[in-house]
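The values are calculated or read from the model by the stated rules, or taken from the named source; none is laboratory data. Here the structure is a predicted model, which is why all the values come from computation and not from measurement. All Cβ positions, even for glycine, are placed from backbone atoms using ideal geometry, and neighbour counts span all protein chains on display. Remember, those area values only see protein heavy atoms, side chains included, never the ligands or the DNA or RNA. Shrake-Rupley method; radii C 1.70, N 1.55, O 1.52, S 1.80 Å.
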Number of protein chains: 4
Amino acid sequence: MNSFGRLFRISIFGESHGKSVGISIDGCPSGISLCAEDFLPDLSRRKSGAAGTTPRVEKDLPIILSGVFNNKTTGAPLTIIFENQNTKSNDYLNLYDTPRPGHADFVAARKFKGFADYTGGGHFSGRITLGLVAAGVVAKKIIGDIRINSEIKELGGRTDFEQVVQEAVNNHDSIGGIIEVKATGLPIGLGEPFFDSVEAVISHLIFSIPAIKAIEFGSGFAAAKMKGSEHNDNFIAKDGKTETNNAAGINGGITNGNDIVFRIAVKPTSSIGKVQHTMNMNTNEMTDLEVVGRHDACIALRVPVVAEAVTAIALADLSLIYKGIHK
Amino acid sequence: MNSFGRLFRISIFGESHGKSVGISIDGCPSGISLCAEDFLPDLSRRKSGAAGTTPRVEKDLPIILSGVFNNKTTGAPLTIIFENQNTKSNDYLNLYDTPRPGHADFVAARKFKGFADYTGGGHFSGRITLGLVAAGVVAKKIIGDIRINSEIKELGGRTDFEQVVQEAVNNHDSIGGIIEVKATGLPIGLGEPFFDSVEAVISHLIFSIPAIKAIEFGSGFAAAKMKGSEHNDNFIAKDGKTETNNAAGINGGITNGNDIVFRIAVKPTSSIGKVQHTMNMNTNEMTDLEVVGRHDACIALRVPVVAEAVTAIALADLSLIYKGIHK
Amino acid sequence: MNSFGRLFRISIFGESHGKSVGISIDGCPSGISLCAEDFLPDLSRRKSGAAGTTPRVEKDLPIILSGVFNNKTTGAPLTIIFENQNTKSNDYLNLYDTPRPGHADFVAARKFKGFADYTGGGHFSGRITLGLVAAGVVAKKIIGDIRINSEIKELGGRTDFEQVVQEAVNNHDSIGGIIEVKATGLPIGLGEPFFDSVEAVISHLIFSIPAIKAIEFGSGFAAAKMKGSEHNDNFIAKDGKTETNNAAGINGGITNGNDIVFRIAVKPTSSIGKVQHTMNMNTNEMTDLEVVGRHDACIALRVPVVAEAVTAIALADLSLIYKGIHK
Amino acid sequence: MNSFGRLFRISIFGESHGKSVGISIDGCPSGISLCAEDFLPDLSRRKSGAAGTTPRVEKDLPIILSGVFNNKTTGAPLTIIFENQNTKSNDYLNLYDTPRPGHADFVAARKFKGFADYTGGGHFSGRITLGLVAAGVVAKKIIGDIRINSEIKELGGRTDFEQVVQEAVNNHDSIGGIIEVKATGLPIGLGEPFFDSVEAVISHLIFSIPAIKAIEFGSGFAAAKMKGSEHNDNFIAKDGKTETNNAAGINGGITNGNDIVFRIAVKPTSSIGKVQHTMNMNTNEMTDLEVVGRHDACIALRVPVVAEAVTAIALADLSLIYKGIHK
């Protein structure tokens, strides 16, 4: 559902073309410095504007509704919203009847019995991830010495990023990509058996981001081809430092002090300018569809900061739990 | 932590060499036929005995402590335990000080401050998955027409399964593998935005299974190399049936009626008969380790039924939530 | 923490003198008619203005940020906020150091290490209950034929309500009261053993309302003086109708189809115009305090609609759970 | 449902006449001394045997299935069961059709569609509280310097306890009572706004105990008749010590360091030897019922240790949450 976390709890809301999107963050300790400016660097990394991203440009200025007093967190829930201003809902009128292949239009119509807000993808829009980025900014302030970085490893199967994106734009097509996230400076002991392993909590949040199809930690799928004698990470120091890091810094679901590393696959954006086959849910006939509206040719360009954010959220929650039970 | 699920809730417990392992299942509707025999087929698929699996053989007879009356579920929590009988804890005495590379020994000692039960891996043992298989049997009875199947796709990077396993055994080494899970007969509409997408809930549970390093849904990592025009699944029928199934039956985190398909990577078992480098946590000196004890050379052989079980558990919970809110 | 509910989940936020207070409601089925006007009747019942209520008057117009499209719920989270406009924070400057007896000032300062927003009580203000009333309006639309009513039974120990309130106002003092809530039209079977009995869930929410000191269901404290032969409610019809209703319509924590009835005690408002003894948390000296600021002499006057609201919220959640698991 | 708690999580299971009753406790820190003997003092306080309690006597020896190793908690879930040995299910055969007034028989039959285990009350039996007492023993070890005591204040409206009980036994009737629970040695700051106030969490658990009809904290229902100038607890020391304790040690839902005090009303046991009116759910005719079986004439005699236990459970959970977020 729309909330997640045990102690550091986030509740997300909003639709792409509604009044606003936002998030409420519970379990944030008091006394943390926080003001609207703190959100801007990460928010700007998520922004569109570059080639391959949607021509819809929003200011994305965070409005802090609650939880901050004199520029410090109060310990009460932090609620942050972003107003939707640049909406062109007319672009979406035909989508009510003809769902876009690869998009949530069809399932949203059926699950919510025709009442879902379909403009701009409604609650299924990538725009909802604004709240995640905001919560990530707060989470990063909670996890102490842990630093999280993400990097695009390939787009459309290639590493000449600018060119491959431009080709997709030129072809009215879209491309996906692979992003790697790395967390460093980790303490030993985060992650809770049996169901809240670090991988379980991170993957839960990662798969909440639209367009993610896969995740692999450390050696990942390559592990399936390795021998134990190759895969095991020998210890080389008493603090748990290992020679290799196939385990991605996680044993038995718990951080061992080495870096957490994982890669995720982002699918090509579903909305493309080419003709596709779909149905008319009203007339019950099959039909063709040309998607109008403003879209990203390569949403993967905007995912890194979101992936960092949810990693920070996962680690913030696991850190508070660790402190609560085990310290 | 050790419980999971919103309506269909499981709470798992036990240690490899303790009195017993088990699970308590809450939220199971009343009136479902259930007796100990119902568990045996899936339990036997999880059992060791074949080449490449541990020589520790347990009877694994389920004891139903609560929740069943006259061979029907009562609506009260179902608690099922399995006694540990064939334990050889002496094999593990040296592990208290010298953690096995790739295993949870080190993090368990640190997280639980030296109090974790280290015999047989304690709570971090694959033996704990017995409870998952039991809950899976119950979950399969709840999800109606949905059928779940799993299949080993490769072991140690190869498809001549018997031979590659035998080689690993002969070399006192271990191998991993890739398993594919498929669910068919799905209704439209399971999965809850924003955080309980089908992928999020399934991956959460999959990464709770020891030894899993990666998961990909449908096109998975290949999606990152595809164009939108290739990846989008065109609709070919009014019930939502699509021409291709790159989406793995899931759009926007919600089932679209097509099959759910995902693949997981199982790493090679950490416990191997070869000498490895580790440390002595007591003397604080680096040392070599030869793992004694009984282990699987290829734990991937025993994972399919566990992966099916957690898929069923995820879909059972999402089905009850769907019924509660949306029907 | 600041969210509650299993399927019908509410997340509350805001401070008395912050930008706004509000609530996000998850798990609301799609297709329910809803617009801002629907909230006004219940909101106006919570409003101040009458004798004995605070002179702070707010418009309390609900702003629906998300979850409604074309005047119907979409199935996505409903977020509703209320702007704070009539704030006089200067009234509260001295409270930062000198906590009001009976109020949360002292514990808020200590728990949140001096960072809590102390103006107007911050997050501990009765103003936060606006969100509950809003969620109650939605909940009432979910629970079908169930009707909930509340009634003031006594104020300051008396039943001549207008006069006793006026006396308190005249004396710069405050009074409490007793409120009775009744729910009718109940189905059989709501409430989940073991921990989510109807009484448990209702009381959890009732004690989240500021100023509540006690709750009793049906016979309540009088039950302790009765004999079983007097207390047991004999069945008089096959649908479960009972002769008496000492059980308050609940057996074993589950609704039996008879009316739910409970009474709650509201303490006299802590903020009074009389001199009281407190300490100065800055100088660490004991001191006297005269509370300035605008307050209710009898907050009990405004509690009935809030008590109804949380009862509706509790029954909405239990109804969805019942439908999910047992139907 | 059958689990409760955010960090200190309990999952309860069992039926009165099933194989066993028990509880699984998650979130218990490692390294706490624990063995079966530790449970015996509290378990013996819950036992029957005295006048006014059921003639069914069980050994109630705790069997620790998991979570303890070398007499210390391991950090993994603690599972504790109690075997049912002295069962006389034949006594209950007629109850399948004719529900006892005041008991859960009717609602259990309807909610669980005839599949509930009706022998001995099944999952609705007071016997299930054994698990609570066991969890309470563990919780008491977690809450440090906090001490919890409970006391019977009156039985059947009187204070000559032995005599009033004997009269009830002689008359084949039953009586209720009032119990007071007091917790001392509390830190400042336990309890989480908005929904997890100390009162909310304690009352949630208290109303999970069968037969409880009411709870009042501190001044309780008397507060409704008091003036603010009488009710407010003036501070008399800088550590928050107050002159009176009408607030029961709780302001704004948060402990202020003074004692927590609350009283609960226990109804007279429903099962009595007198003829009562009920229906036959099979023939759909109204009928008379004489309850056979072994019952407590005054279950209130056995409630104090259960009330202590759930108070300890509530405070243990709030303590871990406090440590996790606020320390």
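Points worth noting:
- Cβ-Cβ under 9 Å pairs, at least 6 apart or on other chains, the stretch D:301-324 side among the small types (Gly, Ala, Ser) and open to solvent by less than 10 Å² (accessible area, probe 1.4 Å), far side assigned to a helix (DSSP H, G or I) and modelled with pLDDT under 95: D:Ala309/D:Arg46
- When D:Ala168 is tested against (1) touching a Leu at 6+ places or on another chain (Cβ under 7 Å); (2) facing another protein chain (nearest Cβ under 9 Å); (3) closer than 24 Å to D:Gly126 by Cα, exactly one condition is not met: (1).
- Of the residues making up the stretch A:141-160, those that are of a type outside the set (Asp, Glu) and without any contact (Cβ under 8 Å) to a residue 60 or more places away in the chain are A:Arg147, A:Gly157, A:Arg158, A:Thr159.
- Filter result for A:Gly253 (in contact with a Gly (Cβ under 9 Å, 6 or more places away or on another chain), modelled with pLDDT of 95 or more and either under 22 Å from B:Phe207 (Cβ atoms) or hydrophobic (A, V, I, L, M, F, W, C) (or both)): yes
- For the stretch B:286-297, the criterion of being more than 28 Å from A:Ala224 (Cβ to Cβ) and away from chain C (no Cβ under 14 Å) is met by at least one residue.
- Members of the stretch A:7-47 found to be within 30 Å of D:Leu320 (Cα to Cα) and of a type in the set (Val, Ile, Thr), listed by number: A:Ile10, A:Ile12, A:Ile23, A:Ile25, A:Ile32
- Top-ranked residue in the stretch D:74-91 [being modelled with pLDDT of 95 or more and over 24 Å from the mean Cα position of the chain (by Cα); ranked as nearest to B:Leu78 (Cα to Cα)]: D:Ala76
- Matching residues in the stretch A:1-16 - criterion: being farther than 20 Å from D:Leu318 by Cβ and either of a type in the set (Val, Ile, Thr) or more than 9 Å from chain C (Cβ to nearest Cβ) (or both): A:Phe4, A:Ile10, A:Ile12, A:Ser16
- All conditions but one from (1) more than 27 Å from D:Ile23 (Cβ to Cβ); (2) touching a Cys at 6+ places or on another chain (Cβ under 9 Å); (3) open to solvent by 10 Å² or more (accessible area, probe 1.4 Å); (4) not basic (Lys, Arg) apply to D:Gln163; the one that does not is (2).
- Filtered residues of the stretch D:1-14 (kept if in a loop (DSSP other than H, G, I, E, B) and at pLDDT 95 or above): D:Asn2, D:Gly5, D:Arg6, D:Leu7, D:Phe8
- Residues of the stretch D:17-31 that turn out to be in a loop (DSSP other than H, G, I, E, B) and open to solvent by less than 30 Å² (accessible area, probe 1.4 Å), as a count: 7
- Taking the stretch B:210-237 as the range and being among the polar types (S, T, N, Q) and surrounded by fewer than 22 Cβ atoms within 10 Å (Cβ to Cβ) as the test, the residues that pass are B:Ser229, B:Asn234.
- Scan the stretch D:18-46 for residues that are facing chain B (nearest Cβ under 9 Å) and either out of contact with any strand residue (DSSP E or B) (no Cβ under 9 Å at 6 or more places or on another chain) or not β-branched (Val, Ile, Thr) (or both) and the total you get is 10.
- Test: residue in the stretch B:227-245 that is assigned to a strand (DSSP E or B) and of a type in the set (Gly, Ala, Ser): no
- Subset of the stretch C:177-200 [open to solvent by 10 Å² or more (accessible area, probe 1.4 Å) and under 29 Å from C:His103 (Cβ atoms)]: C:Ile178, C:Glu180, C:Glu199
- Residues satisfying the stated conditions in the stretch C:150-160, i.e. out of contact with any Lys or Arg (no Cβ under 9 Å at 6 or more places or on another chain) and open to solvent by 10 Å² or more (accessible area, probe 1.4 Å): C:Ile152, C:Asp160
- Qualifying residue in the stretch C:92-105 (condition: at pLDDT 90 or above, more than 28 Å from A:Arg6 (Cα to Cα) and more than 14 Å from chain D (Cβ to nearest Cβ)): no
- When residues in the stretch B:204-226 are screened for being at the interface with chain A (Cβ under 7 Å from one of its Cβ atoms), farther than 21 Å from B:Asn258 by Cα and assigned to a strand (DSSP E or B), 2 of them pass.
- Helices (runs of 4 or more DSSP H) enclosed by the stretch C:36-149 - at least 3 residues per element that are within 30 Å of C:Thr184 (Cβ to Cβ) and either in contact with a His (Cβ under 9 Å, 6 or more places away or on another chain) or open to solvent by less than 40 Å² (accessible area, probe 1.4 Å) (or both): C:36-46, C:129-142
- Subset tally (residues that are in contact with a Gly (Cβ under 9 Å, 6 or more places away or on another chain) and part of a helix (DSSP H, G or I)) for the stretch C:163-178: 6
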